[in-house]
1. Listed residues A:LEU49, A:LEU69; which is crowded, with 16+ Cβ neighbours inside 10 Å and touching a Ser or Thr at 6+ places or on another chain (Cβ under 6 Å)?
2. Restricting attention to the stretch A:33-52, does a residue exist that is touching a Leu at 6+ places or on another chain (Cβ under 9 Å), over 20 Å from B:ARG51 (Cβ atoms) and within 8 Å of another protein chain (Cβ to nearest Cβ)?
3. Check off (1) at pLDDT below 90; (2) at the interface with chain A (Cβ under 10 Å from one of its Cβ atoms) for B:ALA55 and give me the number that stays unchecked.
4. Residues of the stretch A:1-19 being more than 7 Å from chain B (Cβ to nearest Cβ) and either under 19 Å from the mean Cα position of the chain (by Cα) or touching a residue at least 60 places away in the same chain (Cβ under 8 Å) (or both), which ones?
5. Taking the stated definitions as given, is A:ALA55 touching an Asp or Glu at 6+ places or on another chain (Cβ under 7 Å), within 30 Å of B:MET65 (Cα to Cα) and either of a type outside the set (Asp, Glu) or within 7 Å of chain B (Cβ to nearest Cβ) (or both)?
6. Might you check whether a residue that is over 30 Å from B:THR74 (Cα atoms) and within 17 Å of the chain's Cα centre (by Cα) occurs anywhere in the stretch A:32-39?
7. Under 6 Å by Cβ, and 6 or more places apart or on different chains, what pairs join a residue from the stretch A:69-84 that is without any contact (Cβ under 8 Å) to a residue 12 or more places away in the chain with one that is not in a helix (DSSP H, G or I)?
8. I want to confirm something. Restricting to the stretch B:61-75 and keeping residues that are surrounded by 15 or more Cβ atoms within 10 Å (Cβ to Cβ) and more than 22 Å from A:ARG42 (Cβ to Cβ), which single residue is farthest from the chain's Cα centre (by Cα)?
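The values are calculated or read from the model by the stated rules, or taken from the named source; none is laboratory data. Being a predicted model, the structure only gives us computed values, none of them experimental. Here the Cβ positions follow ideal geometry from the backbone for every residue, glycine too, while neighbour counts run over all protein chains shown.
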Amino acid sequence: MGKTSSLRFILSIFGSGIALTKLLASLLLTWLTLGWKVRKARKAFEKQLIKQGMAKDDAKRIGAQYAALKDNIENAFKQSLRARK
Amino acid sequence: MSEEPKKKKTAAEEAEEVRQILGAVSTEVPALIKSLIGAVFSEEAGRNMGRAAAAFYKELKDSGMPDDVAVKMTENYVGVFTSLGDILKQVGKKGKGVIPTEEGKEIGTKIEKVVKEKIAEKLREKEEQE
């Protein structure tokens, strides 16, 4: 019975490790692809503005605000991590 | 009608519980974060926000407003969304939140309670399936 219990314990630890790795990998991938997603969203955003007759430079300037939202959220997240320390 | 004494969990049982919790969290948390990001930073979200800003700009132009004024007002309109980021910054600052500290703690406790209930529910569902 002792051996079975130890084996179950080891398997559970191994399973926990896999789940944790999966979680961290998923979060890392999300963070890495965030910049690319924001660029695509910003291009689509600017395209709509230009369609309605706005100058390209003006559309780019307003699009920069949209991308700044991502930076604000990242900074807020980093600040909250620093605040915990 | 006697109550059974609480069975002390073995290390193996506790490890199994931790594995199940981590398993549920590793599935739910990334999906939640992806859906939150997708709601704001996907191509479709950008397109929709662009359409809204463009419609605002067009209305201003159609009403006879000069181009530079219309652009400035559209910039302010889009700025409403980015100011949400500033609010989040304030919430992140310790002790200087938009939400007062006591209320913030209460909200934190409530969120913790809801998350624990959800995890317990998921574990029960998994056990029933097994």
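1. Values: A:LEU49 fails: touching a Ser or Thr at 6+ places or on another chain (Cβ under 6 Å).
Result of the check over A:LEU49, A:LEU69: A:LEU69.
2. No, the stretch A:33-52 contains no residue that is touching a Leu at 6+ places or on another chain (Cβ under 9 Å), over 20 Å from B:ARG51 (Cβ atoms) and within 8 Å of another protein chain (Cβ to nearest Cβ).
3. Only one criterion is unmet by B:ALA55, namely (1).
4. Within the stretch A:1-19, no residue meets the criteria.
5. Numbers: touching an Asp or Glu at 6+ places or on another chain (Cβ under 7 Å): no; within 30 Å of B:MET65 (Cα to Cα): yes; either of a type outside the set (Asp, Glu) or within 7 Å of chain B (Cβ to nearest Cβ) (or both): yes.
No; evaluated as a whole, the condition is false for this residue.
6. Initially, the stretch A:32-39 is screened for residues over 30 Å from B:THR74 (Cα atoms), giving A:32.
Now narrow it down to the ones that are within 17 Å of the chain's Cα centre (by Cα): A:32.
So far as the stretch A:32-39 goes, yes, one or more of its residues are over 30 Å from B:THR74 (Cα atoms) and within 17 Å of the chain's Cα centre (by Cα).
7. A:ALA83/B:LYS94
8. Applying the filter and picking the extreme gives B:MET65.
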